[in-house]
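Presented below is the structure to which this report refers.
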Amino acid sequence: MAKETDVRPVGAALYFLPVETRVPLKFGAEILTHVTCARSRLTVEGPNGNRADGWGETPLSVQWVWPSALLYEERHQALKNFCIRLTRAWAETPHHGHPMEIGHAFQETELKDLLEEFNRRRDHSEPMPWLAALVCCSAFDIALHDAYGNLHGVPVYRTYNAKYMNADLSRYLTPADGAAVSFEGKYPEHFLVFPAPKQLAAWHLVGGKDPLHKSDLDGTEPDDGYPVLLPDWIERDGLYCLKVKLRGNDADWDYTRLVEVGKIAIEKNCRWLSADFNCTVTDPAYVNDILDRLMEKHPRIYVQILYVEQPFPYNLEKNPIDVHSVSARKPLFMDESAHDWKIIRLGRSLGWTGVALKTCKTQTGALLSLCWAKAHGMTLMVQDLTNPMLAQIPHVLLAAHAGTILGVETNAMQFYPEASAAEAVVHSGLYRRRDGKVDLSSIHGPGFGYRLNEIRRDLPKPAASCP
């Protein structure tokens, strides 16, 4: 090992935690009513033989990571099987160093090989996409970063620098052609916010199935003490940022939905909207026409739209659509398509101006994407994968250190609030939005500051462990 702070993974375990939604969440053409969260424990060892555990978690959101006509359960089981295979791979990886180095090397070698082998020998009837592999991997990658901080007794965000890392960002990142950018001598800490804010504006997700008015109710809604209607959510949580899920293939519905939500926002004194077109748009004119119509007919609603998110298909390499006309109207953020900084580089050349980061695409990858995007003047956001339980903590920490355009999207409290009841006892400000914000002040200590020994949660038997 190059430094006395270096580590190597020596053990891993995997747990599956099933979660049911209280109301359905629409993803494109599919509806999410339940999800399995993958929680991993990774053990690392330092040069002197000392060891520490770290924890990572992510929802295996099938509809988001693998949009397909395949049956849900076929894709769901494939994701779980891949996580099981990753358990041994992470425990036995030969890579060592800082988590940024190990995580990057694992993704470039083992993860690619494992996915290729998994799809070649698959029991599922179509190849599992790379995004799905990244999400499965993220639970272990997050655990690696947590374990490293725990071993050294420091918050992990204090380790993204020359004191702990063996190489600067030039080992991983290449500037865009013609950009006056260099990564020589630069480390992630040069692109992070210190001190990080203790409160963040919370973006509320207005799903495609969410009722807006009493006339939208059909009697099947839950009566569980939590709001159902959007105005009630706004009043209860003091919300002022609303993210509107759209269809992307029904312009009249999308326009009407933005107007309806916009009117509620104005009535309830919400300041900002964002529009998420769900990757289903194939022609920039679709988005431009809706925005232009809003600007003419509802200028106040148009002004309240802070940014537009991922209207176009996931795979930018197969769908290199020039989107400059959209980003000339509103900031345009990549989300599902932004697998890594290389894709972000391509997106920037096509006219994308911002990046929506997600820890579910690995902590390592999120930080590298953050650094590349910031160095090239792109705006950042941190988006949710409806993160409950432990998954919420790295998610909000990334937003706090990233310096986003505004706050963080956080919506697990809308769709499965009781799933995080154990964690909320210790971190009450993370699982309930107050005055339109989440509060991070309970996060402290080494690693991600989970304070896991204070959280009373019984885990099921491991789905896999090694050794």
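Quick notes on this one:
- The set of residues from region 409-439 being among the aliphatic types (A, V, I, L, M) and either in the same structural domain as Ala52 (by TED's automatic domain parsing) or over 23 Å from Ser40 (Cβ atoms) (or both) comprises Met413, Val438.
- Filtered residues of region 34-50 (kept if among the hydroxyl-bearing types (Ser, Thr, Tyr) and under 13 Å from Tyr148 (Cβ atoms)): Thr43
- Being closer than 23 Å to Glu336 by Cβ, in contact (Cβ under 8 Å) with a residue 40 or more places away in the chain and among the charged types (D, E, K, R) holds for only one residue in Glu30, Glu73, and it is Glu30.
- Among (1) more than 28 Å from Pro188 (Cα to Cα); (2) part of a helix (DSSP H, G or I), the one test that Val135 misses: (1)
- Scope region 138-170; condition assigned to a loop (DSSP other than H, G, I, E, B), more than 21 Å from the chain's Cα centre (by Cα) and at negative phi; matching residues: Val154, Thr159, Asn161, Ala162, Lys163, Tyr164, Met165, Asn166, Ala167, Asp168
- Flag: Lys214 does not match the condition of being touching a Pro at 6+ places or on another chain (Cβ under 6 Å), more than 22 Å from Ser428 (Cβ to Cβ), touching a residue at least 12 places away in the same chain (Cβ under 8 Å) and in the same structural domain as Leu370 (by TED's automatic domain parsing).
- Region 220-245, residues that are in a loop (DSSP other than H, G, I, E, B), at pLDDT 95 or above and either under 23 Å from the mean Cα position of the chain (by Cα) or of a type in the set (Ser, Thr, Tyr) (or both): Tyr226, Leu239, Tyr240
- Residues located in region 290-313, provided they are in a loop (DSSP other than H, G, I, E, B) and crowded, with 22+ Cβ neighbours inside 10 Å: Gln310, Pro311, Phe312
- Of the residues making up region 171-186, at least one is of a type in the set (Phe, Trp, Tyr), surrounded by fewer than 22 Cβ atoms within 10 Å (Cβ to Cβ) and more than 24 Å from the chain's Cα centre (by Cα).
- When Ile405 is tested against (1) under 23 Å from Pro331 (Cβ atoms); (2) buried (at least 22 other Cβ atoms within 10 Å of the Cβ); (3) touching a Pro at 6+ places or on another chain (Cβ under 8 Å), just one condition goes unmet, and that condition is (2).
- Screening Glu189 with (1) under 22 Å from the mean Cα position of the chain (by Cα); (2) in contact (Cβ under 8 Å) with a residue 40 or more places away in the chain; (3) buried (at least 18 other Cβ atoms within 10 Å of the Cβ) gives one miss only, at (2).
- Just one of the numbered conditions (1) assigned by TED's automatic domain parsing to the domain that holds Arg345; (2) under 29 Å from Val308 (Cβ atoms); (3) small (Gly, Ala, Ser) is not true of Gly219: (2).
Residues checked against (1) free of Cβ contacts under 8 Å to residues at least 60 places away in the same chain; (2) among the hydrophobic types (A, V, I, L, M, F, W, C); (3) farther than 23 Å from Asp168 by Cα:
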| site | (1), (2), (3) |
| --- | --- |
| Thr379 | no, no, no |
| Thr386 | no, no, yes |
| Leu430 | yes, yes, yes |
| Gly436 | no, no, yes |
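- Annotation note: Cβ proximity below 6 Å between a residue of region 293-314 that is touching a residue at least 60 places away in the same chain (Cβ under 8 Å) and in the same structural domain as Arg247 (by TED's automatic domain parsing) and a residue that is aliphatic (A, V, I, L, M) and buried (at least 22 other Cβ atoms within 10 Å of the Cβ) (sequence gap 6+ or interchain) occurs for Pro311/Val281; Pro311/Val287.
- Number of positions in region 269-289 that are of a type in the set (A, V, I, L, M, F, W, C) and part of a loop (DSSP other than H, G, I, E, B): 4
- Candidates Ala328, Ala356 - the one that is under 16 Å from Lys245 (Cβ atoms) and in the same structural domain as Ile393 (by TED's automatic domain parsing): Ala356
The values are calculated or read from the model by the stated rules, or taken from the named source; none is laboratory data. Since the model is a prediction, treat every value here as computed from it, not as a measurement. Cβ atoms come from the backbone with ideal geometry, glycine included; neighbour counts cover every protein chain shown.
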